[in-house]
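As structure tokens, the structure follows; a few thoughts come after it.
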Amino acid sequence: MLIATGILIIPQLGLFMAVRDLNTSGHTSPLAFLFLIIGVFTVPTSIILSGAIVASVRRKWREHQPIVMLGAVNTLIALNIILFVANQCAWSAVFNVGIKACIR
């Protein structure tokens, strides 16, 4: 489960960098874009790993509650990244983060 969490670090850093770039220059930098593109491969991998691990401990989930909670956190982080890549303005509205490029 820690591997599934670890591979989400790069796309999450790309998300933070992209938000900063959108607020300063109005578009994402190439490095932030690269980190978000890496997320195309790592986010589904993390979701699959988290789902497989949670499914394998589902019968005794009370004994493995920290693992199940980390799987839920991984899923939320992955959904956060997916929403940002799909629509930055919708992401900023959901999380109440002001992005200058989305203000009309």
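The values are calculated or read from the model by the stated rules, or taken from the named source; none is laboratory data. Since the model is a prediction, treat every value here as computed from it, not as a measurement. No Cβ is skipped: glycine too gets one built from the backbone with ideal geometry, and neighbour counts run over all protein chains shown.
Brief remarks follow.
- Count of residues meeting criterion [under 17 Å from residue 88 (Cα atoms) and at pLDDT below 90] in the range 37-74: 0
- The range 57-74 residues that are under 15 Å from residue 46 (Cβ atoms), paired with ones that are of a type outside the set (S, T, N, Q) and surrounded by fewer than 16 Cβ atoms within 10 Å (Cβ to Cβ) (beta carbon under 8 Å, 6 or more apart): 70/2; 71/51
- Scanning the range 65-104 for residues that are among the small types (Gly, Ala, Ser) and part of a helix (DSSP H, G or I) yields 71, 72, 78, 86, 90, 92, 93, 101.
- For the range 56-64, the criterion of a residue being surrounded by 14 or more Cβ atoms within 10 Å (Cβ to Cβ), out of contact with any His (no Cβ under 7 Å at 6 or more places or on another chain) and in a helix (DSSP H, G or I) is satisfied by no position.
- Summed over the range 1-44, the residues that are of a type in the set (S, T, N, Q) and either farther than 19 Å from residue 73 by Cα or touching a strand residue (DSSP E or B) at 6+ places or on another chain (Cβ under 9 Å) (or both) give a count of 5.
- Odd one out for residue 101 among (1) of a type in the set (A, V, I, L, M); (2) in contact with a Phe, Trp or Tyr (Cβ under 9 Å, 6 or more places away or on another chain); (3) over 18 Å from residue 9 (Cβ atoms); (4) touching a residue at least 24 places away in the same chain (Cβ under 8 Å): (2)
- Scanning the range 14-31 for residues that are surrounded by 20 or more Cβ atoms within 10 Å (Cβ to Cβ) and not in a helix (DSSP H, G or I) returns a single hit, 28.
- For the range 70-92, the set of residues classified as surrounded by 13 or more Cβ atoms within 10 Å (Cβ to Cβ) and either of a type in the set (Gly, Ala, Ser) or over 30 Å from residue 24 (Cα atoms) (or both) consists of 70, 71, 78, 92, listed by residue number.
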